[in-house]
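First comes the structure, then the notes that go with it.
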Amino acid sequence: MPYKKPCLDPNSPKQHLSQIISEMGTRDIYSSVSFCSRCGSCQQDCPLYRLDPQETNSPRGRNQALRLILEGKLSEKTNRSLFAKMVEDCTLCGKCTRACAGKIPTAEHMLELQRALHIKRLPFSLQTLLQQHAKHPSLFSCLVRTGLLLRRVGAIRILELMQFTRLPAFAWLRRANKLLPKKIHSLNSLFRKAEIPFTPEKPGCIYLPSLEAVYFLPDLALQTVRLLSKRPPLILTQQASGLFAYVYGDLRQSRYAVYQLIKRHAKEKKGTLPFVTDSIDLYNFLKKAPQLFTAWPRLQQKANRFAQKVVFIADFFPKKPAASSKQLPVLLEKSALFNQEGPAVLSSEKFLLTLFKKNLVQCFYTDAEIPAFGYGFTCHNKAEQLGLQTAQVVARSQAKTVVTLSGLSALEANYVLRRFYPAAKAVHIVQAD
Amino acid sequence: MQLPLSAREELKKIVGPHNVRTDEASLLLHAYDCSLSRTRPDALIHVHDAKQVPAVLSVLYRYHIPFVARAAATNHAGSCSPLKGGVILNLAPLNHILRIDIQHGFAEVEPGVITEQLQQALEPLGFFYAPDPASQHVCTLGGNLAQNASGARCMKYGATLDHVLEADVVLPDGKEIHLSRAHNGPDWIGFFAGSEGTLGIVTRLKVKILPIAKHIKTFLVTFPSLEDCVQTVTDLTAKGIIPRCVEAMDKPTINAVEKFAHAGYPTNAEALLLLELDGSPARIYRDIASLETICKQNNAVQFIPVKTEASRQKLWAARRAAYSTMAQTAPNVIVGDGTVPRSQLPAALRKVQNLLTEKNVQANLLFHAGDGNFHPHLVCDERNPHQTQYINRILKQILQICLDEGGTISGEHGIGVEKRSMMAHQYDKNTLALFSTIKRAVDPENLANPLKIIPVNFSEKAPAAPVLPEAILQLSEAIKKARGPVLIAGRHSLQKTVPGVSTLSTQTLSQIEDIDLINYTVTAQAGVPLPQLRKTLAEKGVYTCLPADEGTLGGAFASGCYPDFYPHVTAIEAILPDGTAVKYGGKLTKNAAGYNLIRLFAGSQGKFGMVTKLTFKVFAAPVPVSVTRTFQPLEKNELWQRIHPAIDKNQKLWQLKEGKNAL
């Protein structure tokens, strides 16, 4: 007898993934959740559970909650506050999936629940600002630059003195002020100085810089482009990746943004060019592109072709780099959205091992996690505790340099290290040597 | 059922308002464990301080509210399901390692400490904690004690009960007691191990830690049949080689695991052994030569020494991935846990394989070859009730096969609710009645994890006790008919005549019934004199840790003078003060089914009944003689004061105030 397959939000299917694609194949949300055999293997890998060991904080508990909702045994309306907390607290790091015997994509399940409950994780002002990146990139760029300029003239300091940043809607300004670098360069001017064209005549690859590389870490974008010098990249600075909408916003927006990227990619040399990113979060997300289009088979085929071409910058590192002159311990921080395993992380690790040899400290981060991709803006207190744990791990390993796989993680890690362990600093892997 | 408002308020005062949850979502999220059992509690309490536990249990006792302690909830038997509702006590936040003392070789921990976390803390200090359940990266030490968990190293180092030195326990009425192996009397810690939270809650543990073996050699050996594989382990034991780990897999499991983990397991093998030796380099070097010879004598196809630590880790990771190979094929994996005497392992496995083929069920078969403990991994989808019932029926048939081969329904996972009904197949009415008496004595209100372990209607379903042999029957009748106090006497106690006390001697029980050179066990009656026992064993080329004292076997066991002997005892038969005979265990290395009667009678100085027969492990090489304690009167702790009057209602059994080492 076929099972009755419940779904989360039958009235608005387009706001949800119709199928979830994981290592174990394509499954609808109910099947995917039901494959959790409640063995609990995930618990000790979840940074949240380790902070506060309760079932509501464990990936097993998250999956069971979703299953109970789908089976109609729990009402999402009456228990909304608890579910909202479960969703907001999840760092989406995917460590649970790595530990899981059945490779259950719990992070995806949490995002589906977030979409069903219409939870806005980010403060309204930040959400509105970041939404503009997809809708009106020029306006977004203008707003960011104005914000940065105001910051340089001390506007945020004034707001802080006026206690304005104590309002929940603007509390993120305080964190952003501490997190983001003091000196700001324009990517355009840097590229112009370095005589790097945004659209080369014969592009050898397409490069989609992460948001942080465009606005806050232009050196990262510059060095990435230099690494790609043998394959002159077509640089897409104004194009939204859809990652923000996928994690914090509307799935339809995310789908549209990815569709735009697929189209752009297909336009250049019939979609044969590698599509490079500098952020592991972005890489993991774009690899998931086919999942967004499971309801549209032809689009999914295109998305499949696109996803195959997505590569992380680590794949362009020299195969035999000259050993680094640095003789200080280096630590690879693997935190990433959705998953921390796969070829991108492996090739990064291999590269660092060739570069730093014995100075690369083997640390598996069983008890620490840099909360990635804006988690600090949504769950400030939890991010602080997780950050402190990370600093402890870095201190235990005596590492002087922490190498991250995304610019945002580098910023977050530096923020944490500055406070708790200033002897170390974090850099993106592109800037590792 | 809702908690009374006043009870809720009192609990909130103890643990804080945020730690008492009664919302539907929190309750349903604490209604399950790794088994298929799922029952909703009435409230959830997060315990953040061990000192809160007695106060919480006192409140629950006053209001007659049942409770279930829970930490990681990773067990496969449904031990954490609150079958009568009530309160779930989440002990997972009690996860602190309190002290590590490498000088005296112990660690003090809270019950929520993850087993692997303790291992990680000990490793830099050059020490390790021996029990290594496959789920050690998620299971807790408190849970390990509650289920008497063990693992691959069990054959050499034993299960959890042998590695806990002290424990702080809170009884169901909130009374705190301290259990220690240094105390005279029954081995209360051993007895408490495997009780699945039905007798109380552990709030602090002191566990034994051992220095890490500096030299470990790992071997992968393939065989043309499972029989050869098991025979190899038997021959190794006969030669006096006790490997650190002996893990075995059948062909379907090898293929599944290799396909999943690519660890280098030879897929053409019918069966394989993963063996590890540890100790001094000289000892290992000597053992390797014998090991290779024995393997080749048993038709080993390949004998592969594992050369690097990375390869070794890969092989073990693949072995642990057996669960994952099945978890990826279906939503639910049911992990069986049957144990048979090692000699019966090939027969049991053959029967299980035939059953699985006949029923057309896909399963992985893994086994700890040294212990006769095997874990069939079966899959189902609990959304399909018919399929789930079908798989459950097959699992019960597998457990019945274990029982038919003289085994037990649980080696290390416990009984919980999933295997509760099978207890009536393993034990007779008298033994189950004793379990029930013990539970009632310690927990008269039936509040601590109620309805677990003991089958509900065992008096109807369990078989009657077997007919006793003439000699034992006479003793049974004598105890039953005795009106005044009775002194159960071995050889020493006979010389002590107490006015007004009748003496019941075990002299008529003087047979060594069985010397099993495959399982390396001896079954002997309690009245066998120790010198005769040692002499007979030496003639057969086997050894025990008991000294050639003047006493008897039963006396050595019950006097409390030879605590090192307790871990070697695998089965016991005894007559209770009301004349009923009980039987527990078999020729088994592990048994996690029911309350551990061996450890209850050990050192009890005949106050719970007369031990009539013991089965114990022997060794192919001489073993150090047990450390002897002087005979001391029993320490009557709270458990004693509750259990003893319940078993010996008329205070019939007399106890010597002084005596010699062996009674």
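The values are calculated or read from the model by the stated rules, or taken from the named source; none is laboratory data. What you see is a predicted model; the values in this text were computed from it and never measured. A quick note on method: Cβ atoms are made from the backbone with ideal geometry, for glycine too, and the neighbour counts reach across all protein chains shown.
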For the range A:78-138, which fully contained helices (runs of 4 or more DSSP H) count at least 3 residues that are under 29 Å from B:ARG21 (Cα atoms)?
A:80-89, A:95-99, A:106-117
Would you say B:LEU403 is surrounded by fewer than 21 Cβ atoms within 10 Å (Cβ to Cβ), assigned to a helix (DSSP H, G or I) and either of a type in the set (A, V, I, L, M) or within 13 Å of chain A (Cβ to nearest Cβ) (or both)?
yes
Let me confirm something: among A:GLN300, A:GLN260, A:GLN239, A:GLN291, which residue is assigned to a loop (DSSP other than H, G, I, E, B) and either of a type outside the set (Ser, Thr, Tyr) or within 27 Å of A:VAL430 (Cβ to Cβ) (or both)?
A:GLN239
Within the range B:322-331, is even one residue more than 14 Å from chain A (Cβ to nearest Cβ) and buried (at least 17 other Cβ atoms within 10 Å of the Cβ)?
no
Need pairs with beta-carbon distance below 9 Å; first residue on the phi < 0 side of the Ramachandran plot and within the range A:212-225, second charged (D, E, K, R) and assigned to a helix (DSSP H, G or I); sequence gap 6+ or separate chains.
A:ALA213/A:ASP219; A:TYR215/A:ARG145; A:LEU220/A:GLU212
Are any residues in the range B:277-319 surrounded by fewer than 18 Cβ atoms within 10 Å (Cβ to Cβ) and within 14 Å of chain A (Cβ to nearest Cβ), and if so, which ones?
B:GLU309, B:ALA310, B:GLN313, B:ALA317
Which numbered condition A:MET86 misses (of (1) surrounded by fewer than 19 Cβ atoms within 10 Å (Cβ to Cβ); (2) of a type in the set (A, V, I, L, M, F, W, C); (3) in contact with a Lys or Arg (Cβ under 6 Å, 6 or more places away or on another chain)):
(1)
Log entry, pairs with first residue in the range B:47-62 being over 14 Å from B:LYS12 (Cα atoms) and touching a residue at least 60 places away in the same chain (Cβ under 8 Å), second being of a type in the set (Lys, Arg) and not in a loop (DSSP other than H, G, I, E, B), beta carbons closer than 8 Å, six or more apart or on different chains, reads B:ALA50/B:ARG204
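Residues are listed down the side, and each one gets a yes or a no for (1) more than 23 Å from B:THR536 (Cβ to Cβ); (2) part of a helix (DSSP H, G or I); (3) out of contact with any Cys (no Cβ under 9 Å at 6 or more places or on another chain):
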position: B:GLY594; (1), (2), (3): yes, no, yes
position: B:LYS607; (1), (2), (3): yes, no, yes
position: B:LYS613; (1), (2), (3): no, no, yes
position: B:ALA621; (1), (2), (3): no, no, yes
position: B:PRO624; (1), (2), (3): no, no, no
position: B:ILE643; (1), (2), (3): yes, yes, yes
Yes/no for B:ALA73 being in contact (Cβ under 8 Å) with a residue 40 or more places away in the chain, within 12 Å of chain A (Cβ to nearest Cβ) and closer than 22 Å to B:GLY594 by Cα
yes
As an exercise: evaluate A:GLY342 against (1) within 22 Å of the chain's Cα centre (by Cα); (2) surrounded by fewer than 23 Cβ atoms within 10 Å (Cβ to Cβ); (3) at negative phi and give the number of the one condition it does not meet.
(3)
So A:ASP281, is it assigned to a helix (DSSP H, G or I) and more than 20 Å from A:ARG98 (Cα to Cα):
no
Of all residues being buried (at least 24 other Cβ atoms within 10 Å of the Cβ) and closer than 13 Å to B:THR140 by Cβ in the range B:91-109, which is farthest from the other protein chains (Cβ to nearest Cβ)? Just the residue, please.
B:VAL109
Considering only the range A:42-56, how many residues are surrounded by fewer than 24 Cβ atoms within 10 Å (Cβ to Cβ) and not in a helix (DSSP H, G or I)?
2
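Here's the yes/no breakdown for (1) farther than 30 Å from B:THR388 by Cα; (2) aliphatic (A, V, I, L, M); (3) modelled with pLDDT of 95 or more:
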{"position": "B:PRO4", "(1), (2), (3)": "yes, no, no"}
{"position": "B:TYR32", "(1), (2), (3)": "no, no, no"}
{"position": "B:LEU36", "(1), (2), (3)": "no, yes, no"}
{"position": "B:ASP42", "(1), (2), (3)": "no, no, yes"}
{"position": "B:LYS51", "(1), (2), (3)": "yes, no, yes"}
{"position": "B:TYR61", "(1), (2), (3)": "yes, no, yes"}
{"position": "B:PRO66", "(1), (2), (3)": "no, no, yes"}
{"position": "B:ALA77", "(1), (2), (3)": "no, yes, no"}
{"position": "B:HIS96", "(1), (2), (3)": "yes, no, yes"}
Can you tell me which residue is nearest to B:SER410 (Cα to Cα) among those in the range B:332-358 that are surrounded by fewer than 23 Cβ atoms within 10 Å (Cβ to Cβ) and among the hydroxyl-bearing types (Ser, Thr, Tyr)?
B:SER343
If you take the residues of the range B:43-58 that are surrounded by fewer than 20 Cβ atoms within 10 Å (Cβ to Cβ) and more than 10 Å from chain A (Cβ to nearest Cβ), which of them is nearest to A:CYS42 (Cα to Cα)?
B:ASP49
Take the range A:1-41 and flag every residue that is at the interface with chain B (Cβ under 8 Å from one of its Cβ atoms), outside any loop (DSSP other than H, G, I, E, B) and either touching a Ser or Thr at 6+ places or on another chain (Cβ under 7 Å) or of a type outside the set (Gly, Ala, Ser) (or both).
none
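Residues in the range A:187-196 that are assigned to a loop (DSSP other than H, G, I, E, B) and surrounded by fewer than 14 Cβ atoms within 10 Å (Cβ to Cβ): how many?
Taking the range A:187-196 as the starting set, the residues that turn out to be assigned to a loop (DSSP other than H, G, I, E, B) are A:194-196.
Adding the requirement that they be surrounded by fewer than 14 Cβ atoms within 10 Å (Cβ to Cβ) leaves A:194-195.
The total comes to 2.
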Can you confirm whether A:PHE312 is under 22 Å from A:THR354 (Cα atoms) and buried (at least 18 other Cβ atoms within 10 Å of the Cβ)?
yes
Would you mind finding the one in A:LYS103, A:LYS77 that is away from chain B (no Cβ under 11 Å) and either surrounded by fewer than 22 Cβ atoms within 10 Å (Cβ to Cβ) or hydrophobic (A, V, I, L, M, F, W, C) (or both)?
A:LYS77
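Results for (1) assigned by TED's automatic domain parsing to the domain that holds B:SER150; (2) surrounded by 19 or more Cβ atoms within 10 Å (Cβ to Cβ); (3) at pLDDT 95 or above; (4) among the charged types (D, E, K, R), shown as yes or no for each residue.
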{"site": "B:VAL498", "(1), (2), (3), (4)": "no, no, no, no"}
{"site": "B:THR508", "(1), (2), (3), (4)": "no, no, no, no"}
{"site": "B:GLY527", "(1), (2), (3), (4)": "no, yes, no, no"}
{"site": "B:LYS540", "(1), (2), (3), (4)": "no, no, no, yes"}
{"site": "B:THR552", "(1), (2), (3), (4)": "no, yes, no, no"}
{"site": "B:PRO563", "(1), (2), (3), (4)": "no, no, no, no"}
{"site": "B:LEU588", "(1), (2), (3), (4)": "no, yes, no, no"}
{"site": "B:LEU597", "(1), (2), (3), (4)": "no, yes, yes, no"}
{"site": "B:GLY603", "(1), (2), (3), (4)": "no, yes, no, no"}
Could you figure out which of (1) more than 25 Å from A:ARG157 (Cα to Cα); (2) more than 18 Å from the chain's Cα centre (by Cα) isn't true of A:HIS185?
(1)
Every residue from the range A:197-220 that is β-branched (Val, Ile, Thr) and either surrounded by fewer than 19 Cβ atoms within 10 Å (Cβ to Cβ) or not assigned by TED's automatic domain parsing to the domain that holds A:LEU261 (or both)
A:THR199
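Within the range B:11-34, which residues are among the hydroxyl-bearing types (Ser, Thr, Tyr) and facing chain A (nearest Cβ under 8 Å)?
Of everything in the range B:11-34, those that are among the hydroxyl-bearing types (Ser, Thr, Tyr) and facing chain A (nearest Cβ under 8 Å) turn out to be B:SER26, B:TYR32.
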Counted residues, the range A:345-364 - those being part of a loop (DSSP other than H, G, I, E, B) and acidic (Asp, Glu)
0
Provide a single number: the residues in the range B:134-154 that are touching a strand residue (DSSP E or B) at 6+ places or on another chain (Cβ under 6 Å) and within 21 Å of B:GLY372 (Cβ to Cβ).
2
